[in-house]
Amino acid sequence: MKKVECIIRPDVLEDVKAELNKLKIHGMTVSQVFGCGHQKGKKEIYRGAEIEISLLPKVKIEIVTEDGSVENIVDAVTKVARTGNVGDGKIFIYDIQDAIRIRTGERGEKAI
Ligand SMILES: Nc1ncnc2c1ncn2[C@@H]1O[C@H](COP(=O)(O)OP(=O)(O)OP(=O)(O)O)[C@@H](O)[C@H]1O
Ligand SMILES: [Mg+2]
């Protein structure tokens, strides 16, 4: 199992969710976060205006999935989250050791 962690612009969240739904991805965790990338302290376009701040609001989506779905998720998120401008975001992929569905005690892929 892997965790796919996508940090995206807040305004593409609905489109990303729609793409993930097409892939039959159901379980996810979504958080509002602040972050910066390479342009830290430099100007970035936010909501149409050029502003100079070091932390910008982003959305983090975490999906734990079987290994075979990772590339489909990466493709789907990239397709809708890419504007071509700086700040489009990033995807990090982690190994997941185990998962437990609390209600039933199921483990591993059965629990995701
Ligand atoms: N190395 C990193 N570690 C953790 N989070 C990061 C890292 N790089 C980017 N992020 C997160 O991703 C968000 C978007 O990053 P961003 O797309 O600006 O990356 P970048 O490397 O500056 O690429 P670009 O040049 O396309 O802007 C950041 O606001 C931050 O939340
Ligand atoms: Mg950047």
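Structure values in brief
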| read-out | value |
| --- | --- |
| In degrees, nearest ten, helix 70-81 long axis to first principal axis of the chain (Cα) | 30 degrees |
| The chain - percent of accessible surface contributed by carbon and sulfur, probe 1.4 Å | 49 percent |
| Lysine pairs in the chain with Cα atoms under 17 Å, if 8 or more residues apart or on separate chains | 24 |
| FRET efficiency for GLN39 and ARG82, using Cβ-Cβ distance with R0 set to 22 Å, rounded to 0.05 | 0.85 |
| Trypsin sites (Lys or Arg not before Pro), loop per DSSP, at most 16 other Cβ atoms within 10 Å - longest free stretch of the chain | 48-81 |
| Magnitude of the charge dipole, segment 2-111, Cβ model with Lys/Arg +1 and Asp/Glu -1, debye to 20 | 200 debye |
| Degrees, to the nearest 10: 13-22 long Cα axis against longest axis of the chain | 30 degrees |
| Relative compactness, the chain, computed as alpha-carbon Rg over 2.2 N^0.38 Å | 1.18 |
| The chain - accessible surface per residue (Å², probe 1.4 Å) | 67 Å² |
| SER54, SER69, reordered so the largest accessible area comes first (probe 1.4 Å) | SER54, SER69 |
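The values are calculated or read from the model by the stated rules, or taken from the named source; none is laboratory data. As the structure is a prediction and not an experimental result, all values here were calculated from the model. Note that we place each Cβ from the backbone using ideal geometry, even for glycine, and neighbour counts take in every protein chain shown. Protein only, heavy atoms only, side chains kept; ligands, DNA and RNA dropped before computing areas. Shrake-Rupley method; radii C 1.70, N 1.55, O 1.52, S 1.80 Å.
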